[in-house]
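**Q** Just dropping this structure here.
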Amino acid sequence: MKTVSRISDIPKGEYYVAMEQVVTNIPGDERSRTNPGHGYPASTEYSMRFVVFESEDEMKGYVKEKQDRSYGNRNDYKILYVKVPTITTKVEVGVSL
């Protein structure tokens, strides 16, 4: 199991991946509370973290651990089966007479 954060880290072939929701709460600054219209208000940002599994058993262990720790809240991740295609490029040059 490894966390992937760059495209270059994504493995080739077939594998399972967990998409985890990451929630970041950003507190507003004091000026936004004391002087409306100034500073910046509190906000929440959402992003994704990708966890790649080398085997189906590794993925099943991750799911079991999530279920054991989540106390019924299983909406913070999704499991995907990925098959990365091979992309080829063909270049043709023609001459007309």
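The values are calculated or read from the model by the stated rules, or taken from the named source; none is laboratory data. All values reported here derive from a predicted model rather than from experimental measurement. Ideal geometry is used to build each Cβ from the backbone, glycine not excepted, and the neighbour counts take in all protein chains shown.
**Q** Looking at (1) under 21 Å from residue 2 (Cα atoms); (2) among the basic types (Lys, Arg); (3) in a helix (DSSP H, G or I), can you tell me which one residue 49 breaks?
**A** (3)
Yes or no, residue by residue, for (1) in contact with a Cys (Cβ under 9 Å, 6 or more places away or on another chain); (2) loosely packed, with under 12 Cβ neighbours inside 10 Å; (3) modelled with pLDDT under 90:
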| site | (1), (2), (3) |
| --- | --- |
| 6 | no, yes, yes |
| 14 | no, yes, no |
| 24 | no, yes, no |
| 28 | no, no, yes |
| 33 | no, no, yes |
| 49 | no, no, no |
| 54 | no, no, yes |
| 57 | no, yes, no |
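**Q** Still on this structure, please answer the following. Only residues that are assigned to a strand (DSSP E or B) and not acidic (Asp, Glu): list them for the range 9-25, please. Full working, then the answer.
**A** Quick first cut of the range 9-25, residues assigned to a strand (DSSP E or B) only: 14-25.
Hits for the range 9-25 are 15, 16, 17, 18, 19, 21, 22, 23, 24, 25.
**Q** Using the structure shown, decide if residue 91 is assigned to a strand (DSSP E or B) and either in contact with a Lys or Arg (Cβ under 8 Å, 6 or more places away or on another chain) or within 29 Å of residue 8 (Cα to Cα) (or both).
**A** Details: assigned to a strand (DSSP E or B): no; either in contact with a Lys or Arg (Cβ under 8 Å, 6 or more places away or on another chain) or within 29 Å of residue 8 (Cα to Cα) (or both): yes.
Against the criterion (assigned to a strand (DSSP E or B) and either in contact with a Lys or Arg (Cβ under 8 Å, 6 or more places away or on another chain) or within 29 Å of residue 8 (Cα to Cα) (or both)), residue 91 does not qualify.
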